[in-house]
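Q: Please find one structure pasted underneath; my questions will follow.
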Amino acid sequence: MKTVAQTKTQPKQMDFLAAKTLAAKYGIPMIPTFSAKKEKDLVTISKKIQYPWAMKVVGKSLIHKSDIGGVKLNLQNSHDAMMAFHELKKIKGCDYVAVQPQRKGIEIIVGGKMDPQFGPTVLVGMGGIYTEVFKDSTLRIAPVTEDDVREMINELKIAPILHGARGQNGINETKLVKLIMGVSKLMVEKNISELDLNPVIATPQRVEAVDIRIIQ
């Protein structure tokens, strides 16, 4: 007879493009993303987006892509893209390679988690590869209101940078608020264990997620 541990459904990672499609239904904007499985796919993609590109390995068993060399940035031409494509395809567990136009801006993390005690929660903080180093983030129980989200943003140590420090333009906070509220609604309505948007690239004009990870 099977035990409870044996019959319990194990968490699994949603396919990247499927997760991107789900995010779009909740008004969560993401950078245009194309999948490449063969060399000829790169030629097709080059007719749709300009260089520089960012490329990343995608696979159901691959979570922390940067740690395994699964992200290639600042690819300036077709030669760079082809070299990166072959390196990424060699990574064990690679299903395909995601290709995106490379954006610059302030990196933010937005996430959600199903807490066993409080239910769905939403997080916002400093994003990028140093998320775990600086641990500048704040958390709320979902659903959140617009006032909740603005309060969360103001609690961050990087808040002055987001608002525009030292004469620099601040980010489009309205669009960031909308994105976070979209994550909140998704967490409340869908049976999701964990959601990560990291990084979210924020500029005065736009706020878009580069990467998305959903654990069901």
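The values are calculated or read from the model by the stated rules, or taken from the named source; none is laboratory data. The structure displayed is predicted, hence computed values, not measured ones. So basically every Cβ, Gly included, is an ideal-geometry build from the backbone, and we count neighbours across all protein chains shown. Note: accessible area is taken over every heavy atom of the protein model, side chains too, but ligands, DNA and RNA are not part of it. Shrake-Rupley method; radii C 1.70, N 1.55, O 1.52, S 1.80 Å.
Q: Given the residues Q102, Q13, which is the only one that is touching a strand residue (DSSP E or B) at 6+ places or on another chain (Cβ under 9 Å), within 30 Å of A165 (Cα to Cα) and surrounded by 12 or more Cβ atoms within 10 Å (Cβ to Cβ)?
A: Q102
Q: Can you find a residue in the stretch 134-148 that is without any contact (Cβ under 8 Å) to a residue 60 or more places away in the chain, over 14 Å from I109 (Cα atoms) and of a type in the set (S, T, N, Q)?
A: Yes, the stretch 134-148 has at least one match.
Q: Got a number for residues in the stretch 57-81 being among the aliphatic types (A, V, I, L, M) and open to solvent by less than 60 Å² (accessible area, probe 1.4 Å)?
A: Matching residues across the stretch 57-81 total 6.
Q: Would you be able to tell me the number of residues in the stretch 163-207 that are more than 18 Å from G127 (Cβ to Cβ) and acidic (D, E)?
A: 1
One line per residue, one yes/no per condition, for (1) outside any helix (DSSP H, G or I); (2) within 17 Å of I201 (Cβ to Cβ):
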{"position": "M114", "(1), (2)": "yes, no"}
{"position": "V124", "(1), (2)": "yes, yes"}
{"position": "D148", "(1), (2)": "no, no"}
{"position": "P160", "(1), (2)": "no, no"}
{"position": "A165", "(1), (2)": "yes, no"}
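For (1) open to solvent by less than 30 Å² (accessible area, probe 1.4 Å); (2) modelled with pLDDT of 95 or more; (3) of a type outside the set (S, T, N, Q), each residue gets a yes or a no:
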residue: D115; (1), (2), (3): no, yes, yes
residue: E151; (1), (2), (3): no, yes, yes
residue: E155; (1), (2), (3): no, yes, yes
residue: A165; (1), (2), (3): no, no, yes
residue: K175; (1), (2), (3): no, yes, yes
residue: M181; (1), (2), (3): no, yes, yes
residue: M187; (1), (2), (3): yes, yes, yes
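Q: In addition: Quick one: in the stretch 82-99, of everything that is under 18 Å from F16 (Cα atoms) and among the small types (G, A, S), which residue is surrounded by the fewest Cβ atoms within 10 Å (Cβ to Cβ)?
A: Among them, the one singled out is G93.
Q: Then there's this: Restricting to the stretch 126-144, what's the tally of residues that are in a loop (DSSP other than H, G, I, E, B) and open to solvent by 70 Å² or more (accessible area, probe 1.4 Å)?
A: 4
Q: Pick from T44, T33, T21: which is under 26 Å from M187 (Cα atoms), surrounded by fewer than 16 Cβ atoms within 10 Å (Cβ to Cβ) and among the hydroxyl-bearing types (S, T, Y)?
A: From the options T44, T33, T21, the qualifying one is T21.
Q: Looking only at residues in the stretch 47-56 that are of a type outside the set (A, V, I, L, M, F, W, C) and either touching an Asp or Glu at 6+ places or on another chain (Cβ under 9 Å) or assigned to a helix (DSSP H, G or I) (or both), which one is most open to solvent (accessible area, probe 1.4 Å)?
A: This residue is Y51.
Q: Out of the residues in the stretch 127-149 meeting the condition of being among the aliphatic types (A, V, I, L, M) and out of contact with any Ser or Thr (no Cβ under 7 Å at 6 or more places or on another chain), tell me which one is modelled with the highest pLDDT.
A: Looking at residues that are among the aliphatic types (A, V, I, L, M) and out of contact with any Ser or Thr (no Cβ under 7 Å at 6 or more places or on another chain), I get V149.
Q: While we're looking at this one, here's another question. Considering only residues that are more than 13 Å from L75 (Cβ to Cβ) and assigned to a strand (DSSP E or B), which ones fall in the stretch 28-46?
A: M30, F34, S35
Q: Filter the stretch 57-85 for residues that are of a type outside the set (K, R) and in a strand (DSSP E or B); which is farthest from Y96 (Cα to Cα)?
A: Across the stretch 57-85, the extreme among qualifying residues is N74.
Q: Look through the stretch 170-216, keep the residues that are part of a helix (DSSP H, G or I) and polar (S, T, N, Q), and return whichever of them is farthest from K65 (Cα to Cα).
A: T174
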